[in-house]
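A.B. asks: Have a look at this one before I ask anything.
The values are calculated or read from the model by the stated rules, or taken from the named source; none is laboratory data. Everything numeric in this text was worked out from a predicted model, so none of it was measured. So basically every Cβ, Gly included, is an ideal-geometry build from the backbone, and we count neighbours across all protein chains shown. We work out accessible area using only protein heavy atoms, side chains counted, and drop any ligands, DNA or RNA first. Shrake-Rupley method; radii C 1.70, N 1.55, O 1.52, S 1.80 Å.
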Amino acid sequence: MCGIVGYTGPRESLDILIGGLERLEYRGYDSAGVAIVGEDGRLRVRKDQGKLQALKDLVAKDPVNGNFGIAHTRWATHGAPNQVNAHPHTDQTEHIAIVHNGIIENCDALREALRAKGHTFDTETDTEVLSHLIGEYWDGTLEKAVAAALRLVEGAFGVAVISDLDPGKIVGARKGSPLVVGVGDGEYFVASDVAAILQHTNQVIYLADDEMVVITRRGFRTQTIHEIPVSKEIEEITWELSQVEKGGYDHFMLKEIFEQPRCIQNAIRGRLDDDGWKAHIGGLNLTDEELLRHERVVFLACGTSWHAAMIGEYMIEEYCRIPVEVEYASEFRYRNPVIDSKTLVIVISQSGETADTLAAMREAQRRGATALGICNVVGSTIAREADGGMYIHAGPEIGVASTKAFTSQVATLAVFTLHLARLHGLSDEPARSLIHGLRRIPEQMEKILASEPKVADIARHYYHHDNCLYLGRGYNFPVALEGALKLKEISYVHAEGYPAAEMKHGPIALIDENMPVVFICTKDSAYDKIKSNMQEVRARQGRIIAVATEGDTQIQSLADEVLYVPPTVDALVPLLSVLPLQMLSYHVAVLRGCNVDQPRNLAKSVTVE
Ligand code: M6R
């Protein structure tokens, strides 16, 4: 959830570290700090609460120079988001500094054991406990002390550690929280996310759980925390720097909304076969026979990825005729789920690092299931630990509110559904329409995006409301959930998504002239039914914003505002109907003065339980 960056090499580290934090600020933004060993050989720490700008102001007034250091942007878990609790933390002697992502679950016991040895603590953080523990094991070699301390830690960590007693060296380690090593020309980096170092190198090494790296400007060495050497491959990142920049847009979220036509092209490229009306998917690591042996599918995901999974459920049941369940990853792992070798588990995660999703996948694998991962971040933990899977190829998603990852997940699920459905005997005609439909989505998305000024205008009429209901049926029910999530997470407007017909079982009590209701009512098999639900809202003076299919003139008499999307096959409607909802949330948030890319309390990648 927090961001880590570290640098050692011939250059001044401060600008590199601050530049890295700028690219990581989406991972946490309640405080930030740097620790650098200066040319005089002394370790110096600068940190402050609030956004990165506070740290920049601080180092402008009180600079730190030196060519190796570590930095952090925080999303608080233990202790308030203030200056004292900000990272880096130092050990008792103030010669060792650490930045840390994750949660140390046995920190209370470790703190007490250290107190008994005379340690005193200034902060409420688990990280300070770890820094003292490293100090306790100090015997002149940083990696030895770090390894000894980490062997006692229960929980998750991604760490970078430096000491002025072991100059030029950074020790990184991970367990359950990502850490990559950047390999430059005579310089090396560690980071929690490649975005932080992409400006300097595209050559990286991914650490696995319980692995450590020791970097100096002369090279790197990898080992486990049990001090067993491991050899790692250097991999090349294909993301480009422009993808982690705003490119003229006011916010990453808006840029990513507008990237969606290209993302869908990337998600389907090379995967659709117009001759046989089927899909080609590399990377599943399952033969057709093995796929067919699975009698049911269970999706595991959180948040927006969970909404995409629901669409996957509807698609697979419609086209493949096998039972599908969608589970919140966080619930799945603490129940006693019925999973066996005939269950195909599909894990969806943009980041590939979400702690609940990763743990649920491991639990499913432990119970004998084959797990496929649908991820965006290449080399992420879920992508690596899954038995096979598909990348969605959306490129880096920086906005905390997921947009392009959602539609890319849905497009990828459509491709997978087509593949499985053909194996299950789906006939040519529906397969052909799915392929044609998918191919047309990018151009149809462009058309919807061109209506942004109209969406902005509607936002101006409604942004002052503090509540909003989103209703949809069939494939548009998960879209209603997603629309509501987008609005609440970036504009702090209370929003609920419901299946439209459920309204009369409770939420209808909320309807009055102060309750805008967004109906996603495209022309599909549930269209006539949803019109009755709209009448019910109208009869109670509710204000209606409708997302409808182009050419639908009847809807105008039922709705106060109508946003149109082009027609497509039912299963693909979410790819289009969600776009106006994303734009609406964006404009409402901007009008309410919210920080769209860094909504309060949220972080992009939730690597804690
Ligand atoms: O990286 P993941 O897809 O696993 O993330 C899951 C959720 O944390 C994520 O979708 C979250 O709900 C977003 N803020 C939604 O916009």
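Listed here are the residues, each with its yes/no results for (1) of a type in the set (Gly, Ala, Ser); (2) closer than 20 Å to residue 575 by Cβ; (3) without any contact (Cβ under 8 Å) to a residue 12 or more places away in the chain.
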residue	(1), (2), (3)
275	no, no, yes
279	yes, yes, no
283	yes, no, no
288	no, no, no
292	no, no, no
295	no, no, no
299	no, yes, no
305	yes, yes, no
311	no, yes, no
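A.B. asks: If you scan region 235-262, which residues turn out to be open to solvent by less than 60 Å² (accessible area, probe 1.4 Å) and among the β-branched types (Val, Ile, Thr)?
C.D. replies: Listed by number, the residues that qualify are 237, 244, 257.
A.B. asks: Report, by residue number, each residue of region 2-60 that is surrounded by fewer than 24 Cβ atoms within 10 Å (Cβ to Cβ) and in a loop (DSSP other than H, G, I, E, B).
C.D. replies: 9, 10, 11, 12, 30, 38, 39, 40, 41, 42, 50, 51
A.B. asks: Shifting gears a bit: Condition check: under 21 Å from residue 85 (Cβ atoms) and at pLDDT 95 or above. Does residue 36 satisfy that? Talk me through it step by step, then tell me what you get.
C.D. replies: On the way: under 21 Å from residue 85 (Cβ atoms): yes; at pLDDT 95 or above: yes.
Yes.
A.B. asks: Do we have any residue at all in region 419-429 that's assigned to a helix (DSSP H, G or I), open to solvent by 10 Å² or more (accessible area, probe 1.4 Å) and closer than 23 Å to residue 579 by Cβ?
C.D. replies: no
A.B. asks: Answer with yes or no whether residue 546 is away from the ligand (no atom under 16 Å from the Cβ) and under 18 Å from residue 485 (Cα atoms). Can you show your working first?
C.D. replies: On the way: away from the ligand (no atom under 16 Å from the Cβ): yes; under 18 Å from residue 485 (Cα atoms): yes.
Yes.
Residue-wise test of (1) open to solvent by 40 Å² or more (accessible area, probe 1.4 Å); (2) of a type in the set (A, V, I, L, M); (3) part of a loop (DSSP other than H, G, I, E, B).
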{"site": "532", "(1), (2), (3)": "yes, no, no"}
{"site": "541", "(1), (2), (3)": "yes, no, yes"}
{"site": "559", "(1), (2), (3)": "no, yes, yes"}
{"site": "586", "(1), (2), (3)": "no, no, no"}
{"site": "590", "(1), (2), (3)": "yes, yes, no"}
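A.B. asks: Could you count how many residues in region 60-87 are within 26 Å of residue 604 (Cα to Cα) and in contact with a helix residue (DSSP H, G or I) (Cβ under 8 Å, 6 or more places away or on another chain)?
C.D. replies: The qualifying residues number 9.
A.B. asks: Those residues that are surrounded by 21 or more Cβ atoms within 10 Å (Cβ to Cβ) and acidic (Asp, Glu), I need them from region 188-210; list them, please.
C.D. replies: Passing the criteria: only 193.
A.B. asks: Report, ordered by the first and then the second residue, all pairs with beta carbons closer than 6 Å, sequence separation of six or more or different chains, a first member in region 332-360 that is more than 16 Å from the ligand (Cβ to nearest atom), and a second member that is open to solvent by less than 20 Å² (accessible area, probe 1.4 Å).
C.D. replies: Taking only residues 6 or more apart or on different chains, the pairs are 339/364; 339/369; 342/294; 343/298; 343/369; 344/294; 344/297.
A.B. asks: Quick one: which strands (runs of 3 or more DSSP E) lie wholly within region 281-395 and hold at least 3 residues that are under 16 Å from the mean Cα position of the chain (by Cα) and surrounded by 24 or more Cβ atoms within 10 Å (Cβ to Cβ)?
C.D. replies: It comes to 343-349, 370-375.
A.B. asks: In this structure, is residue 528 within 19 Å of residue 451 (Cβ to Cβ) and either acidic (Asp, Glu) or touching a residue at least 40 places away in the same chain (Cβ under 8 Å) (or both)?
C.D. replies: In short, no.
A.B. asks: Test residue 402 against the stated conditions and say whether it is in contact (Cβ under 8 Å) with a residue 12 or more places away in the chain, buried (at least 24 other Cβ atoms within 10 Å of the Cβ), within 13 Å of the ligand (Cβ to nearest atom) and outside any loop (DSSP other than H, G, I, E, B).
C.D. replies: Working: in contact (Cβ under 8 Å) with a residue 12 or more places away in the chain: yes; buried (at least 24 other Cβ atoms within 10 Å of the Cβ): yes; within 13 Å of the ligand (Cβ to nearest atom): yes; outside any loop (DSSP other than H, G, I, E, B): no.
No.
A.B. asks: Among the numbered conditions (1) in a loop (DSSP other than H, G, I, E, B); (2) away from the ligand (no atom under 16 Å from the Cβ); (3) open to solvent by 40 Å² or more (accessible area, probe 1.4 Å), tell me where residue 606 comes up short.
C.D. replies: Here residue 606 meets the rest and fails (2).
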